[in-house]
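The values are calculated or read from the model by the stated rules, or taken from the named source; none is laboratory data. Source: prediction; values computed, not measured. Positions of Cβ are generated from backbone atoms using ideal geometry, with glycine treated the same way; all protein chains shown enter the neighbour counts.
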Amino acid sequence: MSRRRLHRNASAALPSALGVRSHTSVCSLHLGLGRLAAASRCKVSGRIIIAAALLCVARVTTAQDTTTRRSGEAIKNIALDEVVVTATGTEHTLKSVPVQTEIISGRMLRHFAGKNLEDILSGLTASFAFSDDDMGSHMQMNGLGNDYILVLIDGKRIHGDVGGQNDLSLIDPNNIERVEIVRGASSALYGSDAIAGVINIITKKHNEGILLENTTRVGSYGDLRQHSGIGFNVGRVSSWTNFQLQHSDGWQNTSVEDPNQTEFPITDSRNKTVNRHTNWQLSERLTYTPMRDMELYAGGSVYGKRIYRPSGKYAAVDVKTYDLQYSNASASLGGKWKLNNTDVLTLDVNWDRHAYYYYFTDTTLIDGYINGKYTPYYPYFPGQTDLQSDQQRTMAALKGVFRLPYANTLSAGLEYRYDWLKAPIRVVDGKASDHTEAVYVQDEFNLLDPLQITAGLRLNRNEGFGFKLTPKVSAMLSLGDFRLRTAWSQGFKTPTPKELHYRYIREMAGTYLYLGNTALKPQTSDYFSLGGEYINSSGLAVSVTGYYNKVNHMITLVTIPTTQAPPDLVARYDPVKVRQYKNLENAKTYGVDLNLRYSVRAFVFGAGYSYLHTDANLYDASHDRLKQVTIDGTAHHRANAFVTWNHDFSPAYRLGLGLYGKMSSKRYYQINGDGRGYQIWRLSTTHDLGHAHHMTYRVEAGVDNLFNYCDRTPHGLHLGTTTPGRTVYASLTVRFAQGKKVKHDNTKMSNTNNNDYEEN
């Protein structure tokens, strides 16, 4: 059975709770509702909004017609037949994948209407935590941060690390078909960076007809989100072009820089909680099918970002007046060749570049390494740029999947990776490089009919750290509506060029000096998990998973005595604190994840809970001993909950309502205090309108942070979460599609569309 046919069959069984649409019908012009006052009586007004919404739902529900009843019955069909690919690198239905996999479906994405990927992940699953700012996102997954989470777009690594953060603004939320999440070490299949897990962003594809779509979203604090897409198919050639534009005026949660320095309140800070910023991206994917069993592709993207920073708070003496500027470019090509009905070969070659600059807005005197030589008080003038880092990466991968006798599926591959870093000011020698080669093999087989086992092994060779084997074994036992899954896997991650060689300063209530460490050891991990899942035909899905992850030689920033820093740097900058990358010993994370979904008629209820415990041993130089510490940024308890309701008032109008909440206990940090616990609720509405002449329309409107929670922790310390308080958004969506007619959401509403956009 072909992948497309399998995908169509899978889509037919999807529920509203987990059903995956291959593509969102999007093109929205969002209407601004303006900013609500942060000082309003938000708790009362928020509860009034919720009560009114629920009353409306209750009244309308009593009048549901037979169409809605049929839709409600369809919701009960759990998405067990949806195809997933991330867990094993091969196609599995959700019910047959041997590794615990979570899907954020297209339907969930559409009803949630999140403004970015951070919003989506933290709102729809309890295992993620984010601390957002304009430079990127500090992300955690089951207690481990950015460097341990592999983020993929259509199976390929994203590139664009900014100060240890993932700049997830590279991902257009309106271009996402679905998100697949695999927890636990996956280095046997994906190599480095996959110790905590893998997030695979599956983007939209277009293979039939013509598609034009546009989405514009506006909200509080000058938030603007623009998306445009053009797709066409002519004979053997198909194309998908995507453009996104994002802008925010930024915000500031507090006027205090440091609780011990209240005499210097922030009035014109270049370090707001979130500064004013603008970014854009243009991407293209071109596919050519020269014959039935072969597909070739080429793709690329360009990305730019500008962070606007006012002058510093000490305007009389602070002359470092510059904006931050980022540029990203990528190119890829490859192909897939079907050797027969079952065996497949794929080849992918990718190149990525991410550059980070200071863009000067005034005459500025700055010290640093100019052309490899330290120069104090070097002048820059308005319009000039100063390169901070230029990161480039080239990857090539050859993979084969072979169906063997006795229900065996063998995967094998070769990979090559080359990383290059140029940082004239931040690296001692100005540049650094690293390359890795790998070979891996994986076998999926059934010893007994209900028992499925997957075993894999990767051999890595790194330029600086030699050879390393990383194995993985997982198993799944199916017993009717019950499924039991267990896994053991090892992870492996070499230090990055930045962790080895970087050095930079940051002005934050004094000068902070950050140092790389060439004595770092590679990180390894052992991950164990055991989970159970129950899904029945009545619309109930329950899962519980326990896990234990031991990370040896975990790399993190720690505070070291000034006497251990290079004397010339200490004399030059007189830092109040020196932070250096160090290995922690015997770091452990363990916990339990619970998830619940229940569908009844037009309602879908969902909830998730994550318990997490972390600790590690850190060398205490002042007492010459190891001390146990909690891994920075972790919280013991996280939860999320939601309820959605949909009703067809007519063949031309569907209303959707959604109430979503996310909660967290306090976040622990080694220095500067803990981040506060919080709970944040949002109300979203969707309005799908009828179609005419191949046109469809959609309106979205909602309120985020209903009860106006805002963390007033002094800037520069630790926030439990980053939010400006209550915000509103609105949008109008317009879409033209000429192709094959498909149904939407198991209702009478239909549209001229292609199979890749089905939402059944």
Q: Being buried (at least 20 other Cβ atoms within 10 Å of the Cβ) and within 30 Å of GLY516 (Cβ to Cβ) is the filter here, so list the residues in region 437-453 that pass it.
A: ALA438, TYR440
Q: Filter region 565-589 down to residues that are touching a Gly at 6+ places or on another chain (Cβ under 8 Å) and of a type outside the set (Lys, Arg), then give me how many there are.
A: 5
Q) Within region 681-732, which residues are touching a helix residue (DSSP H, G or I) at 6+ places or on another chain (Cβ under 9 Å), hydroxyl-bearing (Ser, Thr, Tyr) and not in a loop (DSSP other than H, G, I, E, B)? A) SER684, THR685, THR686
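Checking the conditions here, which among ASN517, ASN462 is within 17 Å of ILE555 (Cα to Cα) and at pLDDT 90 or above?
Among ASN517, ASN462, only ASN517 is within 17 Å of ILE555 (Cα to Cα) and at pLDDT 90 or above.
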Q.
Suppose we keep only residues that are at pLDDT 85 or above and within 21 Å of ARG667 (Cα to Cα) within region 144-182. Which one would you say is surrounded by the most Cβ atoms within 10 Å (Cβ to Cβ)?
A. TYR148
Q: Please note which strands (runs of 3 or more DSSP E) are completely contained in region 545-664 and include at least 2 residues that are in contact (Cβ under 8 Å) with a residue 12 or more places away in the chain and buried (at least 18 other Cβ atoms within 10 Å of the Cβ).
A: 554-560, 577-600, 603-620, 637-650, 653-664
Q | In region 395-449, residue nearest to TYR357 (Cα to Cα) [restricted to those that are outside any strand (DSSP E or B) and under 28 Å from the mean Cα position of the chain (by Cα)] | A | ALA423
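For the structure I just gave you, tell me whether LEU459 is touching a strand residue (DSSP E or B) at 6+ places or on another chain (Cβ under 9 Å) and farther than 27 Å from LEU347 by Cβ.
Numbers: touching a strand residue (DSSP E or B) at 6+ places or on another chain (Cβ under 9 Å): yes; farther than 27 Å from LEU347 by Cβ: no.
So LEU459 does not fit the description; no.
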Q.
Among the residues that make up region 192-207, is at least one of them surrounded by fewer than 21 Cβ atoms within 10 Å (Cβ to Cβ), part of a loop (DSSP other than H, G, I, E, B) and either in contact with a helix residue (DSSP H, G or I) (Cβ under 6 Å, 6 or more places away or on another chain) or among the aliphatic types (A, V, I, L, M) (or both)?
A. yes
Q: Residue by residue through region 456-465, note down the ones that are surrounded by 15 or more Cβ atoms within 10 Å (Cβ to Cβ) and in contact with a Phe, Trp or Tyr (Cβ under 8 Å, 6 or more places away or on another chain).
A: GLY456, LEU457, ARG458, ASN460
(Q) Can you say whether THR696 is under 30 Å from LEU144 (Cα atoms), at pLDDT below 95 and crowded, with 19+ Cβ neighbours inside 10 Å, as far as the supplied structure shows? (A) no
**Q.** Residue under evaluation ARG676, criteria (1) closer than 25 Å to LEU557 by Cβ; (2) charged (D, E, K, R); (3) buried (at least 22 other Cβ atoms within 10 Å of the Cβ), criterion not met
**A.** (3)
Q) Using beta carbons and a limit of 7 Å, which pairs, at least six apart or on different chains, have the first residue in region 216-229 and surrounded by 23 or more Cβ atoms within 10 Å (Cβ to Cβ) and at pLDDT below 95 and the second one part of a strand (DSSP E or B) and acidic (Asp, Glu)? A) GLY229/GLU213
Q) Out of (1) at pLDDT below 90; (2) assigned to a strand (DSSP E or B), what's the single condition that is false for TRP488? A) (1)
Q: Would you check which residues across region 719-738 are of a type outside the set (Lys, Arg), farther than 26 Å from VAL274 by Cβ, crowded, with 22+ Cβ neighbours inside 10 Å and touching a Lys or Arg at 6+ places or on another chain (Cβ under 9 Å) and list them?
A: THR733
Q. Only one of (1) within 17 Å of TYR527 (Cα to Cα); (2) assigned to a loop (DSSP other than H, G, I, E, B) fails for LEU189. Which number is that?
A. (2)
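Results for (1) assigned to a loop (DSSP other than H, G, I, E, B); (2) loosely packed, with under 15 Cβ neighbours inside 10 Å; (3) touching a residue at least 12 places away in the same chain (Cβ under 8 Å); (4) in contact with an Asp or Glu (Cβ under 8 Å, 6 or more places away or on another chain), shown as yes or no for each residue.
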site	(1), (2), (3), (4)
LEU513	no, no, yes, no
ASN517	yes, no, yes, yes
LEU520	yes, no, yes, yes
THR524	no, no, yes, no
GLU533	no, no, yes, no
SER538	yes, yes, yes, no
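Report yes if PRO495 is under 30 Å from ALA432 (Cα atoms) and touching a Leu at 6+ places or on another chain (Cβ under 6 Å), otherwise no. Write out each step before concluding.
Working: under 30 Å from ALA432 (Cα atoms): yes; touching a Leu at 6+ places or on another chain (Cβ under 6 Å): yes.
Here the answer is yes, as PRO495 does meet what is asked.
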Q) Applying the selection to region 420-431, what residues are surrounded by fewer than 20 Cβ atoms within 10 Å (Cβ to Cβ) and closer than 21 Å to SER330 by Cα? A) TRP420, LYS422, LYS431
